[in-house]
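K.L.:
Got a structure for you, questions after.
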Amino acid sequence: MFSLFLAKLSFMLMTIYVCSACVFDEVTNNSTNITTLIPRYYSVPNQRDSSTQYGPWPFEVIDDVNGNQAPIYYCYEGAWAVNNLPLLFADAFAKWNGAFGFSALRFQQDPFCGDALECECAIGNTRDDTLRIGAVRTGISHASLGYNYQSNEPGRHVLNLNVVGYSPFDLASRPVYVLIAAHELGHVIGLGHEHQRPDRDSDVDFHCENLVGYAAAHAKVVDSRQSWSLPRKLPACDLPKWLTDDECMQNVVCKFSDYAWTWFPEAMNFITGDQQPAWKDLEWPTWALDTYSIMIYNSYDGTSYPNNGRDATFPDGAVLVGKQRGSGAIFEIFQGGNRERAKAIPSGRDKGRVGQLYPRGIRYGRT
């Protein structure tokens, strides 16, 4: 709830846009009417081989004239998902439509399903690498990251949507679930959490103390540190620095996945990726973090503030606080760049990275 970009394109763009404060998403040449996207994201590397565990999905041979496509084949896992999720995911897929014009990426039903309106996963018939979309009612929504090149295990690519409270007939809450599904599809494409970039502290302040579960985690840490039995459970908080309990929470438990996993699992989706082994191969560019990305959390996601922060006066109770470099100004972050979740979409920089991971015109296919 996770190794190189196309260097030539990145360097070319850097020579044109060198200011760290540039906020352009799309630049259109008026004479040619060609739009160029500037990527700014945190994602899997470009490799499509066993040298990396996670990468972009493979290409398929489509035709030799127009180039190939990179289809992410999917099916629905179980009768409930088949009966309740296709229309929701149709809207979630549509949020990524803007990336298709710049890339070879496509979402397609597993070929086994043919023209069926709802494609149910079938053991022995569905492709081993097909994305299996299912529903869960415990934990959080989650998805596998990119394409796993080090495994042939059937069903290794999954997207599980937490559907507690979801009803296909509840139009008021539908945009929330569609945005969650679109965000998880971003992980499937290969994009990590923008707010977990190792350099995120330059653009975002993480207020761990505002996360739900912080008080309980703090109490556990205090109890543990008051026990002098060896071995000590939190050695990083003691010798040689002897941190206070509050410093121990902020500088150790809220920053390192090994400690957060034990003491404060609610912080795992906020700790920077360089402190999480599963995300160690992900990459980020030199540009500032993209606070308009569909892969960043809202400022109040995960907050312990009453009513999920809806009645808060920003920044009171915010978990993520955006900040402008140099000016010191702060601002509220909205996933997908819009307070209204129905209008939230992948940013231009999200689409730019999709274009790099799935470039058009490729002539080779799956190996």
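K.L.:
Within the stretch 296-316, is there a residue that is farther than 30 Å from residue 52 by Cα, of a type in the set (A, V, I, L, M) and surrounded by 14 or more Cβ atoms within 10 Å (Cβ to Cβ)?
P.N.:
Within the stretch 296-316, one or more residues are farther than 30 Å from residue 52 by Cα, of a type in the set (A, V, I, L, M) and surrounded by 14 or more Cβ atoms within 10 Å (Cβ to Cβ).
K.L.:
Hey, another quick one. Within the stretch 142-177, count every residue that is among the hydrophobic types (A, V, I, L, M, F, W, C), under 25 Å from residue 271 (Cα atoms) and either in contact with a Phe, Trp or Tyr (Cβ under 9 Å, 6 or more places away or on another chain) or in a helix (DSSP H, G or I) (or both).
P.N.:
Qualifying residue count, the stretch 142-177: 4.
K.L.:
Then there's this: Kindly provide the set of residues from the stretch 269-280 that are closer than 16 Å to residue 144 by Cα and not in a helix (DSSP H, G or I), ordered by number.
P.N.:
269, 276, 280
K.L.:
Let me ask something else about it. Output the number of residues of the stretch 57-69 satisfying the condition of being modelled with pLDDT under 90 and crowded, with 20+ Cβ neighbours inside 10 Å.
P.N.:
3
K.L.:
Just to check your reading of the model, which residue among 156, 200, 174, 225 is among the basic types (Lys, Arg), in the same structural domain as residue 322 (by TED's automatic domain parsing) and within 30 Å of residue 57 (Cβ to Cβ)?
P.N.:
Result: 200 is the single residue among 156, 200, 174, 225 that is among the basic types (Lys, Arg), in the same structural domain as residue 322 (by TED's automatic domain parsing) and within 30 Å of residue 57 (Cβ to Cβ).
K.L.:
For the stretch 128-141, give me each residue that is in a loop (DSSP other than H, G, I, E, B) and closer than 24 Å to residue 45 by Cα.
P.N.:
Listed by number, the residues that qualify are 128, 129, 130, 141.
K.L.:
Answer yes or no as to whether residue 54 is more than 22 Å from residue 336 (Cβ to Cβ) and modelled with pLDDT of 95 or more.
P.N.:
no
K.L.:
Next question, about the same structure. Could you please let me know if residue 265 is within 21 Å of the chain's Cα centre (by Cα), exposed (fewer than 14 other Cβ atoms within 10 Å of the Cβ) and outside the structural domain of residue 141 (by TED's automatic domain parsing)?
P.N.:
Spelling it out, residue 265 is indeed within 21 Å of the chain's Cα centre (by Cα), exposed (fewer than 14 other Cβ atoms within 10 Å of the Cβ) and outside the structural domain of residue 141 (by TED's automatic domain parsing).
K.L.:
From the list 99, 122, which one is in contact with a strand residue (DSSP E or B) (Cβ under 7 Å, 6 or more places away or on another chain) and either assigned to a strand (DSSP E or B) or small (Gly, Ala, Ser) (or both)?
P.N.:
Criteria check complete, one pass: 99.
K.L.:
Okay, next question. Could you please find all residues in the stretch 186-218 being assigned to a helix (DSSP H, G or I) and more than 17 Å from the chain's Cα centre (by Cα)?
P.N.:
Residues satisfying the conditions are 201, 202, 208, 209, 210, 214, 215, 216, 217, 218.
The values are calculated or read from the model by the stated rules, or taken from the named source; none is laboratory data. Here the structure is a predicted model, which is why all the values come from computation and not from measurement. Methodologically, a virtual Cβ is constructed for each residue, glycine included, from the backbone with ideal geometry; neighbour enumeration extends over all protein chains shown.
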